[in-house]
Structures are given as structure tokens and as C-alpha cells.
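Everything on this sheet refers to the single structure shown next.
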Amino acid sequence: MNSKHQNLRPFSCSYSPNAPEILSQLNCTIAISTYQAGKVIFIGAINDEKIIQLPRNFKKAMGIALDDDKMAVACKDEIILFRNSEELAKHYPKKPNIYDAMYMPRVTYHTGALDVHDIDFCKDGLCAVNTNFSCIIKVDENYSFTPIWKPKFIKRVVSGDHCHLNGMAVEDKEIKYVSAFANTDSPQAWKTLAADSGVMIDYQTKEIIATKLSMPHSPRIYDGKLYLLLSATGEFVELNPTDGTYRTLLKIDGFVRGLAFHEGIAFIGLSKIRKNSSSFGKLDIAAKANKAGIVMVHLQTATIIANIFYESSVEEIYDVQILAGKRRPSILNKIKEDYKLGITTPDTTFWGRIIEDEK
């Protein structure tokens, strides 16, 4: 750890004075995943002046999916499905009357090491980008994964991360577009190409609709428009699916990845770049990518209105999501016994106790 960070508390962060007020006015909480720190972190505001965080351990946390009271988190070799209970939150024994949401683990899909990136709840169920096998998959109890789509240029579904398929844009629970770093079809082949070899693919037609994208991440549809982040150049762009052109809304000095929208505000994740990274260390932007955190962008004017930067613990962010209408949510992992105590039925909820095994 850098010497200037040695005395900082874990997950110390600085933020613009208006960041808490914005989150309070928006009545929301930011959820981020950081595979480097192995955490899902909820970032909210206690009041108009103070940010509060809740970090939870999840091995190599990547994509986060939300659907009303459901949440899914992609981890190192599993995908965990959560369900929120306001009643369990209200009566949480350790902190009663503190939280307004409590995401409890309900299902774990043991997928194996797929290097899952984006995930989302779709009409056909929980779908995900399987980066290791270069395909889109359905996640269920039947198999480690069920391939439901692959790009035209991928001949077979095999391991090896042939094109670094990573992003998935979903609208009305239908997959619309998929992003990849290249249209290559051999193990790690995308790493041998220039940083601007990225492509955007139409999910229905499988046709490439945009090329020469600089490490595209986090394609998202908001108000009928397609947005994405070009990580290698720090650009936040709007892409025209008809002709493949894009306009840069904002250029940020950093490695951008993780994008969510709420009430006309874009929340963009920033990551540091490790100097020894074989994939990203030689990028032109690497020297400027020295901050990790969140920037809030007013979409209509394309201006940064607030930021939150980490000064310890967090260096790389993958996903960013917004928990709308939740001011102080909590989430339980499966490391401690707490998650076993939250009992829910269709009619009631209560906190139980651990029953010791009979001798």
C-alpha cells in the first residue's frame, strides 16, 4: 500500500460537498462491485452532509442485476440471488430500525469459473455474459450454464475468452446489444490487437453495428438511447445503432467502467489502472487513471455535478447500479451465520436462531 494511505481507515473516501445532498434528493443508494477488493458496496447519504457506506465480502464481485426486490451478484464461481425484505430490515437484531431494505441470499447457482461480467433479469430468466466462453447464457439449476447466444464470429462455445465479450444492454427485459473488445476467435486473441478494436453487436441480427470502439464497457439503454463507456479513452458516449457512429458526451481522466442512470443523472465508475496490467497498463490513459470512485453526470448538460473518490481499499470497480427509493439498504453474504436467521414466508417474516446439531 502507498505510504500516504497507510493511516487511512478501510474504504476511506472523499466526496464533493454536494454528493450527499444529491443522493438524498434522489432518494437512492449507489451499489458498486469491486472484484479487486472482493466487495459489493452500498453508498448512500445519512443526511445532506454525510455519506455512509456498507461493504460486504463477495469473492471477485462483478455484475449486479436488479429487478424490483430481487438482486443478483456474479462472483468468482457462483451467482447469488437475493431478495429484499423491508420487514427483516426493520427488525434486524443487530441494528433494529436502521435499515430500510435487507437483501437476503436465497439461491446460489454454482456455475464454476465463467468470468461472468454483465448480468440482468430478462423475460427468459436470469441471463449473463459468459466472458470465458464468449457467449450469453441463461442461469438456472439445470447446468453450470446454458448458452443461448454467441456472436457470428465465434464458431464454438469453448473456454479461452476469445473476444472479451463483456457488456449487455437490456431494455424491457429484452437483450438488445452486446459489447466485445474484438471480433476474434482464438484464446486471448483480443489482447494482441489495438485498444480500439472493440465492437457493438445487435443481439437479434448478430450483426456488428459499430467498430473501432476503445474497450467498450457497460452498454446501457436509457430513455430509448444507447449509451456506453469507452474505457481506454475515458469517454462517455451515445451510440447511434443505425449507422454505428457515436458522439462523445464527456471525456474523463480515468478508466471508466460501470454505468447506471437515475432521474437524469448518469453514475459512472472510475478505476485505477495497475501499471503491471498486461491488458491495460500500456494504455495512453493509464498515467491519468489514478482514481477509483463514482462521478455523477447531469445528462442533459453532460457535466460532472458530484464525485466520490476512494482513498483506500478500492482501486477497481466493475459494475454500478442504483437502488431507487432506498436510503439505507443492507445486504447479507453467506460468510457469517446471520443470513440463516432471516426467515420469510409469503405472509410473514421473523428472525430465528441457530439450532445446534443434535449430538
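The values are calculated or read from the model by the stated rules, or taken from the named source; none is laboratory data. In this text the structure is predicted, and so the values were computed from the model without any measurement. Backbone-built Cβ (ideal geometry, glycine too); neighbour counts: all protein chains shown.
Report the residue count in region 338-348 for those that are surrounded by 15 or more Cβ atoms within 10 Å (Cβ to Cβ) and assigned to a loop (DSSP other than H, G, I, E, B).
So the answer is 1.
Give me a count of the residues in region 296-337 that are out of contact with any His (no Cβ under 9 Å at 6 or more places or on another chain), in a strand (DSSP E or B) and not polar (S, T, N, Q).
Number satisfying all stated conditions: 11.
Name the pairs whose Cβ atoms lie under 7 Å apart, with the first residue in region 236-255 and of a type in the set (Gly, Ala, Ser), the second surrounded by 13 or more Cβ atoms within 10 Å (Cβ to Cβ), and 6 or more positions between them or separate chains?
Gly244/Ile209; Gly244/Ala210; Gly244/Thr211; Gly254/Gly234; Gly254/Leu270; Gly254/Lys288; Gly254/Ala289; Gly254/Lys291
Please work out if Phe153 is buried (at least 21 other Cβ atoms within 10 Å of the Cβ), on the phi < 0 side of the Ramachandran plot and at pLDDT 95 or above.
no
For residues in region 211-248 being small (Gly, Ala, Ser) and in contact with an Asp or Glu (Cβ under 9 Å, 6 or more places away or on another chain), which is surrounded by the fewest Cβ atoms within 10 Å (Cβ to Cβ)?
Looking at residues that are small (Gly, Ala, Ser) and in contact with an Asp or Glu (Cβ under 9 Å, 6 or more places away or on another chain), I get Gly224.
Wholly within region 141-204, which strands (runs of 3 or more DSSP E) include no fewer than the required count, namely at least 2 residues that are closer than 23 Å to Phe261 by Cβ and in contact with a strand residue (DSSP E or B) (Cβ under 9 Å, 6 or more places away or on another chain)?
165-171, 174-180, 198-202
Of everything in region 75-101, what is among the polar types (S, T, N, Q) and either over 28 Å from Glu141 (Cα atoms) or in contact with a Pro (Cβ under 7 Å, 6 or more places away or on another chain) (or both)? Give them in sequence order.
Asn97
How do the strands (runs of 3 or more DSSP E) wholly within region 219-270 filter down when requiring 2 or more residues that are at pLDDT 95 or above, within 20 Å of the chain's Cα centre (by Cα) and at negative phi: which remain?
Result: 225-230, 235-239, 255-262.
Give the residues of region 325-354 that are of a type in the set (D, E, K, R) and more than 28 Å from the chain's Cα centre (by Cα), sorted by residue number.
Within region 325-354, Asp347, Arg353 qualify.
With the condition kept exactly as written, say whether any residue in region 77-98 is within 27 Å of Leu228 (Cβ to Cβ), assigned to a loop (DSSP other than H, G, I, E, B) and not acidic (Asp, Glu).
No: region 77-98 contains no residue that is within 27 Å of Leu228 (Cβ to Cβ), assigned to a loop (DSSP other than H, G, I, E, B) and not acidic (Asp, Glu).
Every residue, every condition in (1) surrounded by 18 or more Cβ atoms within 10 Å (Cβ to Cβ); (2) part of a loop (DSSP other than H, G, I, E, B), yes or no:
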residue	(1), (2)
Met62	yes, yes
Met71	yes, no
Thr108	no, no
His117	yes, no
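Looking at region 151-181, which of its residues are within 17 Å of Leu229 (Cβ to Cβ), touching a Phe, Trp or Tyr at 6+ places or on another chain (Cβ under 6 Å) and of a type in the set (Gly, Ala, Ser)?
Answer for region 151-181, where residues must be within 17 Å of Leu229 (Cβ to Cβ), touching a Phe, Trp or Tyr at 6+ places or on another chain (Cβ under 6 Å) and of a type in the set (Gly, Ala, Ser): just Ala169.
Quick check on Asn132: is it touching a Leu at 6+ places or on another chain (Cβ under 6 Å), assigned to a loop (DSSP other than H, G, I, E, B) and not hydrophobic (A, V, I, L, M, F, W, C)?
Yes.
What pairs come out if I take residues in region 48-64 that are on the phi < 0 side of the Ramachandran plot and of a type in the set (S, T, N, Q) and pair them with residues that are crowded, with 18+ Cβ neighbours inside 10 Å and in a loop (DSSP other than H, G, I, E, B) whose C-beta lies under 6 Å away, six or more apart or interchain?
Gln53/Phe11; Asn57/Asn333
Out of Ser271, Ser312, report the one residue that is among the small types (Gly, Ala, Ser) and surrounded by fewer than 21 Cβ atoms within 10 Å (Cβ to Cβ).
Ser312
Does region 36-52 hold any residues that are surrounded by fewer than 19 Cβ atoms within 10 Å (Cβ to Cβ) and closer than 27 Å to Ile80 by Cβ, and which are they?
Gln36, Gly38, Ile51, Ile52
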